[in-house]
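See below for the structure under consideration.
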Amino acid sequence: MPPFHRQPEWQQPADRHTQLVDPVLTVRQLSRFDFNLRSLVRIDHALVFSTPKGSFEAYPPPRRPTRAEVVANRYTAVYEVDMGVHRWTAELTLPSDNDAFEFTAEVDLSWQVLDPARFVASGHRDVPGLLLGELQQAARPVTRRFAIADSAVTERELLQAVTVLGPLGAPAGLQVTWTLRLRRDQANIEHQQRLQAIDHSAAEQVRVAQRGMEVDVEADRRQRQQDALQVERAMVYGTQQQELLLQQQRWQHEQALLHSGQQHQLALQHGQQQLELQQIEAQKIDFYQWHLQQGGVHSWALHLAQHPEDSQLVMTSMREDQLRMIQAQMDLVKQLLSGDAAENYELEGPKQLALRTVSDILNQRLPGVPQSPPPLPGGTGPAYPGVVVDAAGQVEAGRTDAGRGDAPP
C-alpha cells in the first residue's frame, strides 16, 4: 500500500518520556487512495476518525480499521491520541480573606486519556490547563472565606469542595488523580518561622532557667549534705581531739603526781641522807674532839690510823715534841725550885708535880702520859664518844654507842 503523500496538519515529536500537554500527536486529512496506517501509527496510541457527519469514531490500541472500513465509512481525518499516563506538578495562587495575603497550593496531577473520541470532540489541547482551571474554579470561593493563618482548615474545606465537584477532566474523557497541598505565602511562612524561632528560644531559655533552678536546688542540697557531713566529721574530730586532750591532761597529771611523788621521795631521801650525814659529821666531831682532848700522842695515833705511810714523819715529830716538852718541863721545874717569889705552902702542890714529872722522866715515860689507859667506868663503855668497847677493853668493830651498824669514820 502506498504511504501518505501529504504532510500532517498537526504533529508533535513525542515519545514515552516526553511531558505532554496535548495528547493528540498527529492530525491528518485522508483521501480515498493514499492510506497506510500500519506503518505510521504506534501500537499504544489510539486512532480517532472523523466522519462526514462531524462525529468521531475511536479505535483504541491494538484495534485498527481496515482499508475497506475506511472507504466504507468515508473517514475524512484521523487523530493519533496518546493514551499513556502523564504526570504534572504545578503551583496555584489562591486568595485569602485578605488581599494582602494569598495561599499557595501545590498540585500533583496524574492524567490519562480514557475516551479518545470524547477528548478529540472536546477540542481541548492543554490538559494541565484544563485541570488546573477546574481546580481554581472550585477552590477560589472556598479559600476566600479563610484567613491566611487558617491554612489547615482551608485545605480540609478545599479538598471536600473539589471532591463534591466530581472527577476532574471527566467531561473531556480524562481519568485524573490529584493531590493538593495548601500552605501560606512565603512572607507569612518566614514570619511564622521567626515567631516560632522566638518561641523556641523563649521556651529554651525557660527550660534552661527551670532546669537551672533544679540544678541549683540539687547543687544546694548536695552542698548542704556535704556541709552536714563536714560538720559531723568536725564534731567527731573535735570529740576525738577533746578526748585526746583530756587523756593527755590525765597523763600529764599522773606524770606530775608521779614526778612530785618521786621528788618528794627524793627530797625525803635527801633529807634523810642529810640527816645521816649530819649525824656522821657530829660523830666525827665527837670522835676527833675526844682524841684531840687526849693529847698529842692520841692525835698522832689518829693521824697514823688514817695515813700509815706517814709513820716516819710522825715518829720524828713526836720525838721533837717530846724533847721540847721535856725541856720546857725541866725549865719550869728549875724555876719553881729556885724561885723565891712565892710562899712555901703555895709551892707545895707545884713542887710535888715537878717531882712527879722528874720521876716520870727518869722512868723514861713521857710527862703527862699514863702508864696504862684510864679505866672506863664499870670496865666497859666507849673509849671515845661513839665507839663501843667490850668487857676486855677491845673496840667492837661496826658498832657505836647508839646501837648503829655504821663503823666510826
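The values are calculated or read from the model by the stated rules, or taken from the named source; none is laboratory data. Predicted model, so just to flag it, every value in this text is computed and none were measured. We place every Cβ from the backbone using ideal geometry, glycine too, and count neighbours over all the protein chains shown.
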Can you confirm whether the range 258-281 contains a residue that is in contact with a Gly (Cβ under 6 Å, 6 or more places away or on another chain), over 20 Å from residue 360 (Cα atoms) and modelled with pLDDT of 70 or more? no
For the range 84-104, state whether one or more residues are of a type in the set (S, T, N, Q) and at pLDDT 90 or above. yes
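Residue-wise test of (1) modelled with pLDDT under 75; (2) closer than 24 Å to residue 125 by Cβ.
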{"residue": "8", "(1), (2)": "yes, yes"}
{"residue": "21", "(1), (2)": "no, yes"}
{"residue": "32", "(1), (2)": "yes, no"}
{"residue": "35", "(1), (2)": "yes, no"}
{"residue": "53", "(1), (2)": "no, yes"}
{"residue": "61", "(1), (2)": "no, yes"}
Taking the condition exposed (fewer than 11 other Cβ atoms within 10 Å of the Cβ), at pLDDT below 75 and not hydroxyl-bearing (Ser, Thr, Tyr), does residue 354 pass? no
Among 57, 106, the single one that is in the same structural domain as residue 177 (by TED's automatic domain parsing) and in contact (Cβ under 8 Å) with a residue 40 or more places away in the chain is 106
Give the residues of the range 156-184 that are surrounded by 12 or more Cβ atoms within 10 Å (Cβ to Cβ), assigned to a helix (DSSP H, G or I) and among the hydrophobic types (A, V, I, L, M, F, W, C), sorted by residue number. 158, 159, 161, 162, 165, 170, 172
Name every residue in the range 85-106 that is within 16 Å of residue 19 (Cα to Cα) and surrounded by 14 or more Cβ atoms within 10 Å (Cβ to Cβ), in order of residue number. 86, 88, 90
Yes or no: residue 331 closer than 26 Å to residue 352 by Cα, modelled with pLDDT under 85, loosely packed, with under 10 Cβ neighbours inside 10 Å and of a type outside the set (Phe, Trp, Tyr)? no
Return yes when residue 71 is touching a strand residue (DSSP E or B) at 6+ places or on another chain (Cβ under 8 Å), surrounded by 13 or more Cβ atoms within 10 Å (Cβ to Cβ) and modelled with pLDDT under 90 and no when it is not. no
Restricting attention to the range 129-145, report how many residues are surrounded by fewer than 19 Cβ atoms within 10 Å (Cβ to Cβ), of a type outside the set (Gly, Ala, Ser) and out of contact with any Asp or Glu (no Cβ under 7 Å at 6 or more places or on another chain). 4
Within the range 42-139, considering only strands (runs of 3 or more DSSP E) that don't extend past its boundaries, which have at least 2 residues that are among the hydrophobic types (A, V, I, L, M, F, W, C) and farther than 16 Å from residue 172 by Cα? 45-50, 77-82, 85-95, 102-113
Within the range 185-192, identify whether any single residue is farther than 30 Å from residue 24 by Cβ, modelled with pLDDT under 90 and not in a helix (DSSP H, G or I), and answer yes or no. yes
